[in-house]
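Presented below is the structure to which this report refers.
The values are calculated or read from the model by the stated rules, or taken from the named source; none is laboratory data. As the structure is a prediction and not an experimental result, all values here were calculated from the model. When we count neighbours, we look across all protein chains shown, and the Cβ atoms used for this are built from the backbone with ideal geometry, even at glycine.
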Amino acid sequence: MSDSPIIDLNSDEHFMRQALREAEKAYRKDEVPVGAVIVKDGRIIGRAFNQVEELRDATAHAEMLSLTQAQDAMDDWRLTDCDLYVTKEPCPMCAGAIVHCRIRRVIFGCRDAKGGAAGGFTNLLQVPTLNHHSDITPGLLEDESKAMLKSFFLAAREASAARKKLVAPEGGEEQG
Ligand code: ZN
């Protein structure tokens, strides 16, 4: 057995499945289902899911929370030899944090053409004028993460429509 990390499709898939498990936890808590894990030398040193609602914190994205965990685990803000697996393409905030932490490679599932900052609407992971760039592996197990997000937003829309039906129209007659 070699000590060197194995970077192949199988291990990428394995770790993305771990990220998907985190996303499922978010789903069960009525959070937008996004999960992330951070891996160093084949070992997970950070894992988190989106907790914006629970923590009432718009910065509590899965990537941000897992970066904090990984920095604690490393006792260092530099995550130089670490890879981040996330079920959805990182937003600009998370992409900025990823570059600050010097993550080596970002592997993501669902692409986000509107808000994604890893090649979607922009690419903040590889800004030519910055001295750190992260490698990008897009679209891994994309169907799984996309299906979960679709199902979540569909259920949210249905719940919102049901709530509207329950509310009496304004100015409506009151019986009594
Ligand atoms: Zn984000």
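List of remarks:
- When G115 is tested against the conditions (1) closer than 25 Å to G42 by Cβ; (2) of a type outside the set (K, R); (3) surrounded by 12 or more Cβ atoms within 10 Å (Cβ to Cβ), the lone failure is (1).
- For the range 84-102, the set of residues classified as surrounded by fewer than 23 Cβ atoms within 10 Å (Cβ to Cβ) and closer than 18 Å to R17 by Cα is empty.
- Condition met for D57 (without any contact (Cβ under 8 Å) to a residue 24 or more places away in the chain, more than 18 Å from F108 (Cα to Cα) and more than 16 Å from the ligand (Cβ to nearest atom)): no
- Count of the range 121-143 residues which are acidic (D, E) and either at positive phi or surrounded by fewer than 17 Cβ atoms within 10 Å (Cβ to Cβ) (or both): 2
- Boolean, A113 is over 18 Å from L140 (Cβ atoms) and free of Cβ contacts under 8 Å to residues at least 60 places away in the same chain: no
- Being within 15 Å of the chain's Cα centre (by Cα), at pLDDT 95 or above, of a type in the set (D, E, K, R) and assigned to a helix (DSSP H, G or I) is a property that E24 has.
- Inside the range 9-54, residues that are of a type outside the set (K, R), free of Cβ contacts under 8 Å to residues at least 24 places away in the same chain and farther than 14 Å from Y85 by Cβ make up a count of 3.
- Some residue of the range 81-97 being of a type in the set (K, R) and more than 16 Å from the ligand (Cβ to nearest atom): no
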